[in-house]
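Everything below concerns the one structure shown next.
The values are calculated or read from the model by the stated rules, or taken from the named source; none is laboratory data. Quantities reported herein were computed from a predicted structural model and do not represent experimental measurements. Reconstructed Cβ throughout: ideal geometry from the backbone, glycine too, with neighbour counts over all protein chains shown.
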Amino acid sequence: MSNINNKLLANSAIMTTLISLDTNFQSQLSQVLLEVTNRQDLSQHPFVQRFARGEFSQNAIRQFAIKMLPGSNRFNMAFLKVASKMDSYLARTIMLENAFTEHGELNPDKAHVALFMRFMKGIGCPKIDINADDGAFRIPALRFKKFEFCDDEPIVRSLGRFAAIEQVLPGVFINYIEGLRKIFKGIDDHTIEYFHIHCYLDPEHTNELIQVAQMYVKSEKDVELFSDGVQDMIQSIADMFVWLDENLEKEAVA
């Protein structure tokens, strides 16, 4: 009986150690995410601040929306690709719910892309096409919207890229909402629900992505891969903002 008790105690000690490691890694991932995104606060980017002040024309914002839609669609497809590489059904389920249940339910009319298309219709976009040429594959500065994930990219690095987006969007979208109300006088909450939903849900989605990421973190090297993914995505978003700031109005009058 003493041998059995000793084994049970040993197993309990091992489990306690594993839980402690998981919690430690989860804390590290959260810290890395905050450090990188705070270092380059995209909500304060000149493009985002100009947007908030309502300095762009209505046609420029329509061009902006047309450019964002194909990437929003690719974002979901990228989620599916990364989820398909996971051997944990818990991880896969969290990923799928994260990508498709904007309102906490699997409803195609309330999904991420559908809400954005509703916004586009509401502001009178002349073209609503998820397969439109948005320049992402031609213009290096717009690479953010490509959402290409190589088959051999480590899962933790991919999750770092996703987590970066979820972490920064609320701050950026609050500015978008402010600007949209100035540019499109009288625009209603139903039309811009896409932006409100992200402000509300993305903090929860960020935590879910970190929860999944820690399942695949086994060493400090994995934490570095996660950090690399975060930094890569933050820089690509910043590059896109620079391009939009310089070219959005030009495209609107072309």
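Listing for the model above:
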item: Filtered residue count, the range 208-230, keeping only those that are in contact (Cβ under 8 Å) with a residue 12 or more places away in the chain and either within 13 Å of the chain's Cα centre (by Cα) or assigned to a loop (DSSP other than H, G, I, E, B) (or both); result: 7
item: Residues of the range 170-209 classified as among the aliphatic types (A, V, I, L, M) and at pLDDT below 95, total; result: 3
item: Some residue of the range 205-214 being over 27 Å from Ala141 (Cα atoms) and among the small types (Gly, Ala, Ser); result: yes
item: Of residues in the range 187-207 being assigned to a helix (DSSP H, G or I) and among the charged types (D, E, K, R), the one surrounded by the fewest Cβ atoms within 10 Å (Cβ to Cβ); result: Glu204
item: Failed item in (1) closer than 30 Å to Tyr216 by Cα; (2) out of contact with any Phe, Trp or Tyr (no Cβ under 9 Å at 6 or more places or on another chain), with Ala132 passing the rest; result: (1)
item: Complete set of residues in the range 219-254 that are under 12 Å from Pro154 (Cα atoms) and among the charged types (D, E, K, R); result: Lys221, Asp222, Glu224, Asp228
item: Selected residue (criterion: nearest to the chain's Cα centre (by Cα)) from residues of the range 56-89 that are surrounded by fewer than 19 Cβ atoms within 10 Å (Cβ to Cβ) and free of Cβ contacts under 8 Å to residues at least 24 places away in the same chain; result: Leu80
item: Of all residues making up the range 124-143, the number that are surrounded by 18 or more Cβ atoms within 10 Å (Cβ to Cβ) and under 18 Å from Phe195 (Cβ atoms); result: 1
